[in-house]
Ligand code: TMP
Ligand code: ASP
C-alpha cells in the first residue's frame, strides 16, 4: 500500500510529524538537522543529521522489535522519514542510567563515570516551559501521567530496552552510559515505545578510549559532532544491518 504524507500536525526540536492521508492511525516522522541542548537554549545545525539519526533509530527499533519490545516503528520511507503507528504520547521522559553523567553528576555530586548498578530509571515531566523537571512516582501519579501499575510497566520496559541496547552497543565497542525514552498508548491502550533513539538521546562512550560519541560533543563544545554521529551509525550498521 502507498502512503500519502498529509498535513503537519506537530513540530518539535528534532522532528516534524505529519498525518497519513489513507490511515488516521499512522503518522510520518521527518527527522530535522537542528541540534539543540539545555532545553533549546543552545541551538545548532548539523547537515545530514536527519539522515544519520533516521538510520540509527530505525535500525535500533527493528532490533528491539525483533527482541520482543513493542514499538511504534513500521518502516523507513526515505533517508529522513519513517512511518509509525500514531500513539497518544505520555508526557514523560523516561531516563535510564548505567553510568553517572550529565544532570545526575550535577544534582547529586556523583563523580562522572561511576558505574550505577543496578541501573537507575528516572521520570522527568516533558514540559519545555518548566525545563523538564524530575518527577517522583507520586508526583507523576498526581499529574495523572499514569497509575502506579503504569509506572511499574514503564520501568520494566525501560530496563528491558536497556539490557538489549547495552548488549548491542557493547558489541560495537560503545558503552551505553544513559539514554531517554518516550512511550505512548496505541489504539488498544497498550503502552508502546515511541519517539527515537539516537546520539541526540543517548550518551555513548568508546569502551577503549572513553571518548564521547554523542550529543555531549555539541553540548560541551568538544568538536567533531558529525564525525561522532557517523561513527555511531557505521558501528551500528556493521552489527545490525546484516540481519535487518
Ligand atoms: P541528563 O543527564 O541531562 O538528565 O540526560 C540523561 C539522558 O537523557 C542523556 O542521554 C540525554 C537524554 N536527554 C534527552 O534525550 N532529552 C532531554 O531533554 C534530556 C534532558 C536528556
Ligand atoms: N533535548 C533538550 C534540548 O534539546 C536537552 C538536551 O538534550 O540537552 O534542549
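What's the ranking of 56-67, 39-50 by average number of surrounding C-beta atoms within 10 Å, highest first? Don't jump to the answer; show the numbers that get you there.
Values: 56-67: 19.6, 39-50: 13.6.
Output ranking for 56-67, 39-50: 56-67, 39-50.
Based on DSSP H runs of at least 4 residues, each adding -39500 (n - 2.57), what is the mean residue ellipticity at 222 nm of the chain after dividing by all its residues, to the nearest 500 deg cm²/dmol?
Values: 6 runs with 75 residues, N = 244.
That calculation yields -9500 deg cm²/dmol at 222 nm.
For a quick check: sort 96, 20, 208 by the number of other beta carbons within 10 angstrom, fewest at the front.
Values: 96 24, 20 18, 208 8.
Result, fewest neighbours first: 208, 20, 96.
Sort out for me the Cα centre separation of segment 73-101 from segment 192-244, rounded to whole Å.
Here the answer is 15 Å between Cα centres.
Could you order peptides 122-131, 226-235 by the average number of other Cβ atoms within 10 Å of their residues, highest first? Intermediate values should be presented prior to the final figure.
Working: 122-131: 14.7, 226-235: 18.8.
Ranking, from highest mean packing down: 226-235, 122-131.
Rounded, prolate or oblate: which fits segment 120-194 when a ≥ b ≥ c are the square roots of the eigenvalues of the alpha-carbon gyration tensor, with rounded for a/c under 1.5 and prolate only if a/b beats b/c?
Details: a/c = 2.16, a/b = 1.53, b/c = 1.42.
Cα axes put segment 120-194 in the prolate bin.
How large is the Rg to Rh ratio of segment 5-85 when both quantities use alpha carbon positions and Rh follows Kirkwood?
Working: Rg = 13.4 Å, Rh = 13.4 Å.
Expressed as Rg/Rh, it is 1.00.
At 7 Å along Cα-to-Cβ for each site, give me the label-to-label distance between residue 45 and residue 22 in nm.
Computed distance between label sites residue 45 and residue 22 equals 3.4 nm.
Classify the chain as rounded, prolate or oblate from the Cα gyration tensor: take a ≥ b ≥ c as the square roots of its eigenvalues, call it rounded if a/c is under 1.5, otherwise prolate when a/b beats b/c and oblate if not. Don't skip to the end; give the middle numbers.
Working: a/c = 1.39, a/b = 1.11, b/c = 1.25.
Rounded, since a/c falls under 1.5.
Modelled label-to-label distance, residue 220 and residue 38, 7 Å Cα→beta-carbon offset: nm?
1.5
Throughout, read-outs are computed from the coordinates displayed, never taken from laboratory work. Worth saying up front: this structure is predicted, and the values here are computed from it rather than measured. Ideal geometry is used to build each Cβ from the backbone, glycine not excepted, and the neighbour counts take in all protein chains shown.
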